[in-house]
Amino acid sequence: MTAPEPAEPPAAEPGVTAAEPAAAGPDSAARPGAEPAEPTDADAASHSAALPGADLDGADLDGAEPAGALPTERAAAGVPGKRGRRRVAPAPEPAPVLDDAELRGALEAILLVVDEPVSELTLAQVLEQPAERIGPALDRIAAGYTAAGHGFELRRAAGGWRLYTRPEYATYVERFVLDGQSVRLTQAALETLAVIAYKQPVTRSRISAIRGVNCDGVIRTLVSRGLVEECGTEADSGAFLYRTTTLFLEKLGLNSVADLPPLAPFLPDDVEELADATR
C-alpha cells in the first residue's frame, strides 16, 4: 500500500513575508546553518551600561580604558592606551639682580669667613650672579682697601681671593698670634722647600743631591704640614715626584709658582763652577 505524500506548505502570497521564528530561549541551540542575529540598539545600550565609567556611546570617561580590556587586546584592536596628563613644572624664579653696592657687601661678607682662597666661579655660583661681574667687583674692592690704607688687603692667591694682613703690620700680627711660640720651619726644611719649589716636580734623590745631605725626614715633615705632596712617579726610575701644594702658595701669598722671585740674584757667582765640581 502506497503511503500518502506529505502535503506541501501553502505558498506565500505575493507581497506577504513569512513570519520570523520566535527568538530562541537561553536553553535552545542555534540551528545548523542559521546566521547569528545582529545585535539591536537595546542590546548595545545594555552592554555599554554594564561597563563602569562608560556612557551609552561606548566612549571612555576621562580617558579611562574599558574594564576587562587587556593591553594586548587593545593593541590588536588598534585602541590607543591611556595617556597620562603631564604636569608642567613651574618656571624657576629668576635670581635677583644685585646692584654694585649689594654685590660689594655680599662679597665682603663671604671673604670675611673663608679659610682658604675662593675662586670667582664659586662666588658667582653662591651669589647667583654673572661670573663676568665678580672679577671687576673684586678688583674695585682691592683697590679701595689699598687707597683707604687699611691694615688688610684683598689679594689673589692660589687661584682665588682672600683677605690678608699687610706686610708692614706683620710684626704686630706675629706677636699677637704666636705669643712667644715658634712655629717657623727649620733651616733644613726651608732649603728643601726652596729646592722643591724651583725644581718641581723633583725626586728625593735629586733633592738630596742638590742639598748634599739626606732629605727623607725633612720631606716627610713638609708633607705632614701640607706644603709638599706627591705627584706621580718618574718614568725612568719609578721614584716618587714631589711638588708644592696650594697651601704653599696661600702661605706665601702667591697665585702660582710662576710668581716666585727669580733665583739668579740669590745664587753665588761661582755657582756654575760648583755645579761642575759636583758632577
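The values are calculated or read from the model by the stated rules, or taken from the named source; none is laboratory data. If you're wondering where the values come from, they're calculated on a predicted model, not measured in any experiment. For neighbour counting, all protein chains shown are included, and Cβ atoms are generated from backbone atoms with ideal geometry for every residue, glycine included. Surface accessibility is based on the protein's heavy atoms, side chains included, excluding ligands, DNA and RNA. Shrake-Rupley method; radii C 1.70, N 1.55, O 1.52, S 1.80 Å.
Things worth noting here:
- Note, ³J(HN,Hα) from phi for the stretch 246-253, Karplus 6.51, -1.76, 1.60, rounded to Hz, x at Gly and Pro: 5, 5, 4, 5, 5, 5, 8, x
- Amide H contacts of Val202 (H built 1.01 Å from N, under 5 Å, at least 5 apart or other chain): Tyr242
- Neighbour net charge for Ala101 - beta-carbon separation under 12 angstrom, K R +1, D E -1: -2
- Cα centre as origin, Lys/Arg/Asp/Glu Cβ charges: the stretch 93-220 dipole, Debye: 980
- The length gained on full extension between Glu116 and Val88, counted as 0.36 nm times the residue separation minus their Cα-Cα distance, comes to 5.9 nm.
- FRET efficiency for the Ala264 to Val126 pair, using the beta carbon distance and R₀ = 45 Å, is estimated at 0.60.
- Average accessible surface for the stretch 117-262: 59 Å² per residue, computed with a 1.4 Å probe over protein heavy atoms with every protein chain in place.
- One quarter of the surface of the convex hull around the alpha-carbon atoms of the stretch 102-186 equals 6.7 nm², the direction-averaged projected area.
- Site pair Ser224 and Ser205 shows an inter-label distance of 2.6 nm when each label is modelled 7 Å from Cα along Cα→Cβ.
- Spacing of the two label points (7 Å from each Cα toward its C-beta) at His150 and Ala188, in nm: 4.2
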